Amino acid sequence: MQSGSPVIFEKDHEAVQSFLRTLSNLRGTPIEYCESYGGSDARYFAEYNVPCIIMEPYGGGRHAESEWLLASDLNEYYRLIETWLLAGVSTQPASTNR
């Protein structure tokens, strides 16, 4: 078992807000949040106060031979990341509040 710093979703951080606005604009719907427990590489960024958003294209069978992604969702995910990056990502530092 591995451990690391907890990842706290800083939804008020400007970079996170710009990402969420882009997502909402592309989908045409309000953003829905959920709690998720588990591990991710975001823990390596958390110790440096780098805000993280954990999301992925729709799929299943994670880390198995039967792993799959819905191609249309992968295309939407790519467009989201591309649109957000081309719009310019905020350079404000993350808060140090934990």
Net charge of neighbours whose Cβ lies under 10 Å from the Cβ of Pro51, counting Lys and Arg as +1 and Asp and Glu as -1: -2
Local electrostatic count at Asp41 - Lys and Arg +1, Asp and Glu -1, tallied over other residues with Cβ under 15 Å: 0
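Could you please report the charge total around Leu74, scoring K, R as +1 and D, E as -1 over all other residues with beta-carbon less than 13 angstrom from its beta-carbon? Intermediate results must be reported in sequence, preceding the final value.
On the way: positive: Arg79; negative: Glu56, Glu67, Asp73, Glu76, Glu82.
Net charge around Leu74: -4.
Using 0.36 nm per residue of separation minus the Cα-Cα distance, give me the extension gain between Val50 and Ile31 in nm, one decimal.
Working: separation 19, 0.36 × 19 = 6.84 nm, distance 2.13 nm.
Result for the pair: 4.7 nm of gain on full extension.
Read-outs: derived from the displayed coordinates by stated rules, not from any lab. What you see is a predicted model, and the numbers here were worked out from it, not measured in a lab. Every residue, glycine among them, receives a Cβ derived from its backbone with ideal geometry; neighbour counts consider all protein chains shown.
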